[in-house]
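Q: Please see the structure below; I have some questions.
No lab work stands behind these numbers, since they all come straight from the coordinates. In this text, all values refer to a predicted model and were calculated from it rather than measured experimentally. For neighbour counting, all protein chains shown are included, and Cβ atoms are generated from backbone atoms with ideal geometry for every residue, glycine included.
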Amino acid sequence: MTDQHSSLSNLDLETPEKPFLDANELVINMGPQHPATHGVLRVILRLDGEKVLGLECVIGYLHRGVEKIGEHRTYTMFNPYVDRMDYVAAVSNGLGYCETVEKLLNVEAPPRAQHVRVILTELNRIASHQLWLGTHALDIGAITPLFYTFRDREEILKIYEKYCGARLTTHAFRIGGLQYETYTGFEKEVKNFLDFFRPKIDEYEELLTTNRIWVERTKNVGTISAQDCIALGVTGPVLRASGVKWDLRKAQPYANYKNFDFEIPIGQNGDTYDRYLVRMAEMRQSVRIIEQAVGALPEGPIMAKVPKVMKPAAGEVYHSIEAPKGELGYFIVSDGSTQPYRVRVRPPSFVNLQALDVMCRGQLVADVIAVIGTLDIVLGEVDR
Amino acid sequence: MGQILDYIKSYLSSSQTPGAAGNMFWVLVYILLVFAGLSVAVIAMNWLERKILAHMQVRLGPMRVGPHGLMQPIADAIKLLLKEDIMPAEADGLIFWVAPFVVVLAAFTTFVVVPFGPTHAITDMNIGILFMLGVSSLSVLGIVMAGWASNSHYPLIGALRSSAQMVSYEVAMGLAVVSAILMTSLNAEGTGTLSMIGIVQAQLAQGEWFIFKFFPLGLIAFFIFAVAMVAETNRAPFDLAEAESELTAGFHTEYSGFRWSLFFLAEYSAMIAVSSIAVTLWLGGWLRPFPNFLNNSTWDLVFSLFPGVTFLLFAAMCFYNALRMPKHPLFRVQTIGLAGFGVVLGLIGLVLFIPAVSVRIQDIFWFSAKVAGFMYLYIWYRGTFPRYRFDQLMRMGWKVLLPMGLGVLILTASVALLQQKLWHQ
Amino acid sequence: MVAKFRGTYGSGITPLTYAGQNYMAVDRSLIPEILQVLRNEERFDYCVDITAVHYPKREKQFDVVWVLYSFARNERIRVTTQIVDGESLPSAVPIWPAANWLEREVYDMFGIKFDGHPDMKRILLPEGWKGHPLRKDYGILQQDNEWVQINLGIESGQ
Amino acid sequence: MAPVATPFFFYLLSGIMLIGGILVITRKNPVHSALALIVTLLAQASIYLMLYAPFVAGVQIILYAGGIMVLFLFVIMLVSIDRSMRERQFNSQWIPGIIAATALGGLFMAVFTKGNDIFPEHALPMVENDNTQQIAMKLYGQYMFAFEIASLLLLVAIIGAVVMAKKRI
Amino acid sequence: MESMLHITTLHYLVLGAALFLLGVIGVLTRRNVVIVLMSIELILNAVNLNLVAFSRMWGGLHGQVFAIFVITDAAAEAAVGLGILIAFFRNKETVNIDEVNLLKW
């Protein structure tokens, strides 16, 4: 971490005034119904021929007022709602929320619960990255990885289904620990999955990493410097691909990540290819973490002592975890009643999406699609 | 009546293509045969592409309509024919209406000169290969017309992209073709030919396929052509015109029903057409493997068994899969259907063993087998490669393939000249 | 650090702690300077989040919260300030570009304006929507029926 | 290939060509004009085939219809035609233009009626089979110099077109 | 009638002349530069037709070779003409030939 605050780098946030009417500048609307915007993102592109001069994101098509709902539900009742934000990484959302409320209540989940949480969250990280890989490759035109990743993601979803009955919006964790004890054979199945999955990462990499077209399409596309990343608040794999070795699991360990041995993969150039490599490496690291967690799953209770009716003392807490997409933060204000006075979610996708403009300037239209894919946004989380 | 019969019979003893012999009856028969065969090939290709691609992508593909989805293309065709034919309100009616026909016509007309055998072509033109390249380049017009007439942004951009792409790659393609044509002039007279049949005969006379000629020059020219032909047909990884993540479906976005199916037909026919060019120019056309080396009657017999054996193999596959079908009563129809299909294939295979038939059919068989190899490559590309970006595609065409083509052309010419010099000494 | 600030700025700063997390309540008038100092001297170079809380019963109705993080110190800090309804705040965009959308969201949800923001408009809700939904006086079932009827052509969005 | 029903095909094709030519100069929409011109060119290629010039016909198809006309269509689509389609279609000097063209037509008629006899009734025999080879011999033998000049012309045209059309060099 | 059914060189020449006239009319009267350029193509094609017809008449190939040169020329002309057109359109936002009246713009 060198000194970054001497200058703000060359980010120009104001749109420069057009010098004069150029016949070749055109404005194109992409989305909200567009196959490559991963949901209902609408992008207004200002183009010079095929070159992007600037763009503006129009979001909010999926706004459901999750934060408002939170103010009208008890702490327990609000728990399932957070799964609906980043629905491809529902478990991470739940973990963040539960841990924040636990901080408010000043309780801590027992070690066994912590371990299971880590296992499920890391499985979720793999699932999220798999979904990202499939759709990102599809955007760039490689169809096959999509089916490979979905085949393997299925195994993770099966584990979820067996554990808590749901596949996507799992609601796996409860405030204070877990509701369900792991099912018989859970450890064995997770281990089987790891053995099954490890060669699969190589399979994905075989298809793409050295594929000339893939490299040409992703190298030096959507490059963003570490400085710009930090200035724009971009976190997660995007930040790490720009060369910043920062992961909340290491920087401010939550759950019991400090007990596990893993590395933070980083990239150098901050381009789309590096982000791809970082996410692939992250999947390998997740496998490593799960392996350790499953190997040392402690016995014991799975639920801490929490009151049936939760009434945390008045106060406010901000807690964040490293979701697959970046820093997922919860800011909860309690007024001492059974319902949170204010729930604020700091969604990683929302903040990362801000960087789209910077990443796309000077690129071609086809690259915008690659960059939207590489940012790995989920509109449910952007719009909440 | 007898006169007509004589007219019909008179061709049977000729050793020319019906077009060259001027026998209109047989020209008509051949046209019908070629177009029927082409339609069957497109239907089969449709099914095979979906099946092969599906298996590459760890899924099953069509399984419901008929055993292993064998009837799927027919069901699709019926669906497309029955669908409403929508025309956008702001579209340019006449051009919108004509465009698909132009594309189909261009794709089908090329088959006039495709030599399935020394006599199995509709006609043999003096400018055969030139005609083929020229007519297939006409499909660009249909694409531009379709994109423009739709009066919508995505089709227009798709059409501009695909036409720019096709025009650019035509240049490299032409250079590769010229270097192959140069090789045909390596005979005693020193004159080459543009005729498709003449090119294959030149390969027979020189005793090697042009892909191996002046190794590696022929191979490089073939490689250039093989890349350019994928770009010519707008297929993955050069399918920018139809990049569904960027342009939804490219120039045929606004088309539906029957007219859309014409574009589909044209795309697949064009794939077969360019593969036919590649097979003719570099892979010895209808020639069986080692026609000069293994040329005694035993080998002739062995190679004449191939068509029948292939069909018997297909039949065996059908029977094997019919046996593997679930033994549930609900699957009885499917099992019987698959077995019946196997019986049909087996019967075809048996018919192909009759010497009189196999002699006539084996040229066509070898030609089709080579083309089928290219078709498999097309599907394989689609399963493996991401899509190129437009500037990369143009760079590839103009800065890689074109200089390579020029270099190969010059080298081929020099080597040929050298050889000619030696020849005359 | 907070102690140092207290030395410099006096009673404008109140250090607070809850559940082991430090934050400071800062007087509205000190905000521009404090944010600048936090960024430039204390190296809080990452603006994590900007949000607000509505207390309709108070005279100063809004708490605005900046969540900051320093990569160099691996430390988080929260700065809160209280403002009355209708009062605007200086935009943090020149300090942290990341504040752009976050401030727009605060404006969208609470109606707090930020001076000097390059593009102060609604972000999640459509342009022309009436009301700011995260205010406590905005009911959970409430919506801008007029907007829905005009723009979507349906009776109600619910 | 023996020519079949020459008069029929000649009149059919020349009819297509003339109608196409008239459409080219009368259509409001340049795209329609271009398409009519393509039809004309293809018909002309067929007439070349009738005249035992298959190589020229092939070049006509591949270069004119497949190359030059695609270029035309491209440019028409790049420049917006909506405005020019609503405007007056004929320029300010159309009356003198028509008069000049009529005079030229009269001249042609006079020449053809007077000089009918200088053209021989029957064409000389010509072999089609090695047309391409013969043209190649001419092109690279007798007309070698002209060929080289033509390629130079093309080079100049390429550079000129690029310089002209590029926004900034 | 006999002369109508027997296609001689003159028939081709008349066809060529008609095409040539159409092209001349297009060049002289139309306002749209694109169509003027296309009319020039018509003229060149009329010339080509004559050349090939004469080549047939004399049984030599010189006419055909010349036609090929003319086609080359047409390609060069189209490229440069359309290049000028694009430059013109970019500066004047029109394709009207009446406005091409300045040597400098």
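Q: Sort A:Thr170, C:Thr14 so that the residue with the fewest other Cβ atoms within 10 Å of its own Cβ comes first and the one with the most comes last. Working shown, then result.
A: Values: A:Thr170 21, C:Thr14 13.
Listed from fewest to most nearby Cβ atoms, that is C:Thr14, A:Thr170.
Q: Could you calculate the FRET efficiency of C:Arg122 with A:Asp195 from 1/(1 + (r/R0)^6), where r is the beta carbon distance between them and R0 is 35 Å, rounded to 0.05?
A: 0.10
Q: Please give the length that would be gained between B:Ala205 and B:Ile4 if that part of the chain were fully extended, namely 0.36 nm times their separation in residues minus their C-alpha to C-alpha distance (nm, one decimal).
A: In short, 68.6 nm is gained.
Q: Then there is this: Let me have the 222 nm mean residue ellipticity of chain E computed from DSSP H runs of 4+ only, each contributing -39500 (n - 2.57), with the sum over all residues rounded to the nearest 500.
A: Computed ellipticity for chain E at 222 nm equals -27000 deg cm²/dmol.
Q: Now for a different question. At what distance in nm do the modelled label points of A:Ala296 and C:Val37 sit from each other, each positioned 7 Å from its Cα along Cα→Cβ?
A: 4.4
Q: Distance in nm between label sites at C:Asn22 and C:Asn74, each 7 Å beyond Cα in the beta-carbon direction?
A: According to this spin-label approximation, the distance is 1.6 nm.
Q: Could you give the angle, 0 to 90 degrees to the nearest 10, between helix E:9-29's Cα long axis and the longest principal axis of the Cα atoms of chain E?
A: 10
Q: Please list the radius of gyration and Dmax for the stretch D:129-169, considering alpha-carbon atoms only, with Å as the unit.
A: 15.7, 50
Q: Could I ask something else about it? Could you pull out every residue, at least 5 positions away or on a different chain, whose amide H is within less than 5 Å of the one on C:Val48? Hs are placed 1.01 Å off N in the peptide plane, and Pro or chain starts have none.
A: It is C:Val67, C:Leu68, C:Tyr69, by chain and number.
Q: So, counting K/R as plus one and D/E as minus one, what does the shell of residues with Cβ under 9 Å around C:Leu125 add up to?
A: Net local charge, C:Leu125 excluded: -2.
Q: When the helices in chain B are scored as -39500 (n - 2.57) per DSSP H run of 4 or longer and the sum is shared across all residues, what 222 nm value do you end up with, to the nearest 500 deg cm²/dmol? Let's see the in-between values first.
A: Values: 17 runs with 293 residues, N = 425.
When only DSSP H runs of four or more count, the value is -23000 deg cm²/dmol.
Q: Using Cα centres only, tell me the gap between the stretch A:66-97 and the stretch C:118-158 in whole Å.
A: Taking the Cα centre of each part, the stretch A:66-97 and the stretch C:118-158 sit 23 Å apart.
Q: What residue among B:Ala41, B:Ala372, B:Ala75 shows peak mean-square fluctuation when chain B is described by a Gaussian network model with Cα springs under 10 Å?
A: B:Ala75
Q: Taking the simple approach of a point 7 Å from Cα along Cα-to-Cβ for both A:Glu56 and A:Asp202, what is their distance in nm?
A: My value for the distance between the label points is 5.1 nm.
Q: Turning to a different aspect of this structure: In what sequence, highest mean first, do A:265-274, D:148-157, B:290-299 appear when ranked by Cβ atoms within 10 angstrom?
A: A:265-274, D:148-157, B:290-299
Q: Starting with the fewest neighbours, write out D:Asp117, A:Asp247, A:Asp202 ranked by other beta-carbon atoms found within 10 Å of each beta-carbon. Before the final figure, lay out the partial values.
A: Values: D:Asp117 7, A:Asp247 24, A:Asp202 12.
Sorted ascending by nearby Cβ count, the order is D:Asp117, A:Asp202, A:Asp247.
Q: Only Lys, Arg, Asp and Glu count, each charged at its Cβ (+1, +1, -1, -1), so figure out the dipole size of the stretch B:217-365 about its Cα centre, rounded to 20 debye.
A: It comes to approximately 780 debye.
Q: Quick one: the Cα spread of the stretch A:66-383 along its three principal axes, in angstroms, biggest first?
A: 58, 41, 29
Q: Another question, if that's okay. Applying a 10 Å radius around every beta-carbon, put E:65-72, D:35-42 in order of their mean neighbour count, most first.
A: Working: E:65-72: 22.2, D:35-42: 23.8.
Packing proxy ranking, top to bottom: D:35-42, E:65-72.
Q: What percent of all Cα-Cα pairs in the protein assembly as shown falls in each 10 Å bin, counting up from 0?
A: Reading the bins upward from 0: 2, 8, 14, 17, 17, 14, 11, 8, 5, 3, 1, 0, 0.
Q: Turning to a different aspect of this structure: Among rounded, prolate and oblate, which fits the stretch E:9-96 when a ≥ b ≥ c are the square roots of the eigenvalues of its C-alpha gyration tensor, a/c under 1.5 means rounded, and a/b larger than b/c means prolate?
A: oblate
Q: Moving on to the next point. Non-local amide H neighbours of A:Met303 (under 5 Å, H modeled in plane, Pro and chain starts lacking H): which ones?
A: Residues meeting the amide H criterion: A:Leu178.
Q: Once you average over the residues of B:376-387, how many Cβ atoms of partner chains fall within 10 Å of each Cβ?
A: Taking the mean over all residues of the peptide, I get 5.
Q: Counting only pairs 8 or more residues apart or on different chains, how many lysine pairs in chain C have their Cα atoms under 18 Å apart? Show your work: numbers first, answer last.
A: Values: C:Lys57/C:Lys136; C:Lys60/C:Lys113; C:Lys60/C:Lys136; C:Lys113/C:Lys121; C:Lys113/C:Lys130; C:Lys113/C:Lys136; C:Lys121/C:Lys130.
Value for chain C: 7.
Q: I've got another one for you. I'd like the mean, over residues of C:123-134, of how many other protein chain beta carbons sit within 10 Å of each residue's own Cβ.
A: Working: counts 8, 11, 3, 4, 1, 0, 1, 0, 0, 0, 4, 7.
Average neighbour count from other chains, rounded to a whole number: 3.
Q: Quick check: Cα centre of the stretch E:1-50 to Cα centre of the stretch A:214-235, how many Å?
A: The two parts, judged by their Cα centres, are 60 Å apart.
Q: Let me know the charge dipole size of the stretch B:141-239 about its Cα centre in debye, to the nearest 20, where only the beta-carbon of Lys, Arg (+1) and Asp, Glu (-1) is charged.
A: In debye, rounded to 20, the stretch B:141-239 gives about 160.
Q: Shape verdict for the stretch A:197-251, please, from the Cα gyration tensor: rounded (a/c under 1.5), prolate (a/b greater than b/c) or oblate.
A: oblate
Q: Can you give the convex hull volume per residue for the Cα atoms of chain B, as a whole number of Å³?
A: 174
Q: How much net charge surrounds A:Ala296 when only other residues with a Cβ under 12 Å from its Cβ are counted (Lys, Arg +1; Asp, Glu -1)?
A: On the way: positive: A:Arg112; negative: A:Glu187, A:Asp261, A:Glu291, A:Glu299.
Net local charge, A:Ala296 excluded: -3.
Q: With n ≥ 4 as the cut-off for DSSP H runs, can you work out [θ] at 222 nm for chain C, using -39500 (n - 2.57) per run divided by the number of residues, rounded to the nearest 500? Don't jump to the answer; show the numbers that get you there.
A: On the way: 4 runs with 38 residues, N = 158.
One gets -7000 deg cm²/dmol as the mean residue ellipticity at 222 nm.
Q: Does the stretch D:1-87 come out rounded, prolate or oblate by the C-alpha gyration tensor, with a ≥ b ≥ c the root eigenvalues, rounded set by a/c under 1.5 and, if not, prolate when a/b is larger than b/c and oblate if not?
A: The shape class here is oblate.
Q: A follow-up question, please. At R0 = 25 Å, how high is the FRET efficiency between C:Glu155 and A:Gln33 if r is their beta carbon distance? Nearest 0.05 is fine.
A: Working: r = 24 Å, r/R0 = 0.96.
Plugging the Cβ-Cβ distance into 1/(1 + (r/R0)^6) gives 0.55.
Q: Per-residue Cβ counts within 10 Å, from other chains only, averaged over A:199-211: what number is that? Before the final figure, lay out each step's value.
A: Numbers: counts 0, 0, 0, 0, 0, 0, 0, 0, 4, 2, 0, 0, 4.
Mean inter-chain Cβ contacts per residue within 10 Å come to 1.
Q: With θ set to phi - 60°, apply the Karplus curve 6.51 cos²θ - 1.76 cosθ + 1.60 along the stretch B:323-333 and write out the HN-Hα couplings as whole Hz, x wherever there is a Gly or Pro.
A: Per residue, the Karplus-derived 3J(HN,Hα) values read 5, 7, 4, x, 8, 8, x, 5, 8, 4, 4 Hz.
Q: Could you name the aspartates and glutamates in cross-link range of A:Lys188, using Cα to Cα under 18 Å and dropping any fewer than eight places away on the same chain?
A: A:Glu122, A:Asp152, A:Glu154, A:Glu155, A:Glu161, A:Glu291, A:Glu299
Q: Still on this structure: If R₀ is 41 angstrom, what is the calculated FRET efficiency for the pair B:Tyr320 and B:Phe290, using the beta carbon separation as r and rounding to 0.05?
A: That gives a FRET efficiency of 0.85.
Q: Can you put A:Asp86, A:Asp228, C:Asp115 in order of Cβ neighbours within 10 angstrom, beginning with the fewest?
A: Working: A:Asp86 29, A:Asp228 21, C:Asp115 10.
Least to most surrounded, the residues fall as C:Asp115, A:Asp228, A:Asp86.
Q: Something else about it: Could you state the per residue volume, in Å³, of the convex hull enclosing the Cα atoms of the stretch A:278-375?
A: Values: hull volume 13.7 nm³, N = 98.
Hull volume over Cα atoms, normalised by residue count, gives 140 Å³.
Q: I'd like to know which of B:His120, B:Pro289, B:Thr191 lies farthest towards the positive end of the charge dipole of chain B, counting +1 on Cβ of Lys and Arg and -1 on Cβ of Asp and Glu.
A: About the Cα centre, the residue reaching furthest to the positive side is B:Pro289.
Q: Additional query: Taking a cut-off of 22 Å between Cα atoms, list the lysines near A:Lys219, but don't count ones fewer than 8 places away on the same chain.
A: A:Lys51, A:Lys245, A:Lys325, B:Lys399
Q: Another one. Against the longest principal axis of chain A, how steep is helix A:272-295, in degrees 0 to 90 to the nearest 10, with axes from Cα atoms?
A: For A:272-295 against chain A, the angle is about 10 degrees.
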